[in-house]
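Engineer: Below: one structure in structure tokens.
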Amino acid sequence: MRNTLRLFALAALAAVTLVACDIPLHNDLYDLAGKTHSYTPAATYTVTYSANGGTGAPTDGASYTQSQTVTVLAPGSMTNGTSVFGGWNTISDGSGATYDGSGSVTFSMPGSNVTLYAIWLTVSGTTLTSVPANAKNVIIPSGVTSIALSAFHNDTSLVSVTIPSSVTSIAVQSFLGCSNLTTITSNSAQYPMLGGGLVEASTHTLEAVPAKYSGVFAIDGSVTIVQSYAFDQCSNLTSIVIPSGMTSFGNSNAFSGITSPTFTMHVPATITSIAAYAFYNCSITDLYMDSATPPALGSSAIGACTIHVQDAAAKALYDADPNWGAFSSQIVFP
């Protein structure tokens, strides 16, 4: 009996061996019952780096499956004349998704091959002078110390910009006309982002607010000056809150260029003067004056809006003022 069982076991082992050796070399899997199971390997994709007019683009020799994490390569020794590298983009003109070249940024692999194009920025010395016309998301590289007016002026393609810590100078009104600017990220100690606005720290000047800022904008308490056209092209503002430490709207055109159809504003009693053209070409509908006595007013400072004062006595004072009196028909009280 024992010998019979031993012979049976050897026969079974031989059968398994024969089945295992009989598996064909293709994408079909066979179980021990002889049933076939189809198997399809996962598709793989590649990432190609283009110097986009330069030379020496890095090479990624790996293959990736869909949804696999890809680490974007640093530019290495890639060059393009005197231009500086401003990150990688999924479209050659810079209008696609942007990734910096730090070597630490990642993305999820789509179900297709990816080409990343180098984006080149024009500099003069260490001053940024221009970016690609269609670039939406611009990453200014470390080493740039100043931003010229020509770099972004009237750039309607610009959606976001990242400013490095090395920047110590930005031309006045650099973001004038950037009607689609949504985000400014600044790592510069000289130009921090405070309360949603770009501020020049040493002069406490609000330099720029992204045009797509929405709702109520509260100017940071450290700010004492609003730069001309700081709110240019702001189309979604509903109001601006003035900090208590601000005593004047000293720059002309401080609120010029606001295009929001629902914009209103309270002017606190701490404001003693409003510069010429402060609200020129501004879509403000209602201006609320908290001071019972009129602050000094520059020429053409206010447009066709309703000016609200506290009471009849305040209106009499505003009407009698040689500059405010020109807006007498617009001045009302509760």
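Engineer: Of these, Ile240, Ile170, Ile184, Ile219, which one is outside the structural domain of Met265 (by TED's automatic domain parsing), buried (at least 17 other Cβ atoms within 10 Å of the Cβ) and farther than 17 Å from Val159 by Cα?
Structural biologist: Going through Ile240, Ile170, Ile184, Ile219 in turn, just one is outside the structural domain of Met265 (by TED's automatic domain parsing), buried (at least 17 other Cβ atoms within 10 Å of the Cβ) and farther than 17 Å from Val159 by Cα: Ile170.
Engineer: Now, a different point. Outside any loop (DSSP other than H, G, I, E, B) and at pLDDT 95 or above, is that true of Val216?
Structural biologist: Yes.
Engineer: Check segment 227-239 and report whether any residue there is closer than 12 Å to Val216 by Cβ, assigned to a strand (DSSP E or B) and not hydroxyl-bearing (Ser, Thr, Tyr).
Structural biologist: Within segment 227-239 (the criterion being closer than 12 Å to Val216 by Cβ, assigned to a strand (DSSP E or B) and not hydroxyl-bearing (Ser, Thr, Tyr)), the answer is yes, since at least one residue qualifies.
Engineer: May I pose another question? Name the residues in segment 191-216 that are buried (at least 16 other Cβ atoms within 10 Å of the Cβ) and polar (S, T, N, Q), would you?
Structural biologist: Thr205
The values are calculated or read from the model by the stated rules, or taken from the named source; none is laboratory data. The shown structure was predicted, so the numbers you read here are calculated from the model rather than taken from an experiment. A quick note on method: Cβ atoms are made from the backbone with ideal geometry, for glycine too, and the neighbour counts reach across all protein chains shown.
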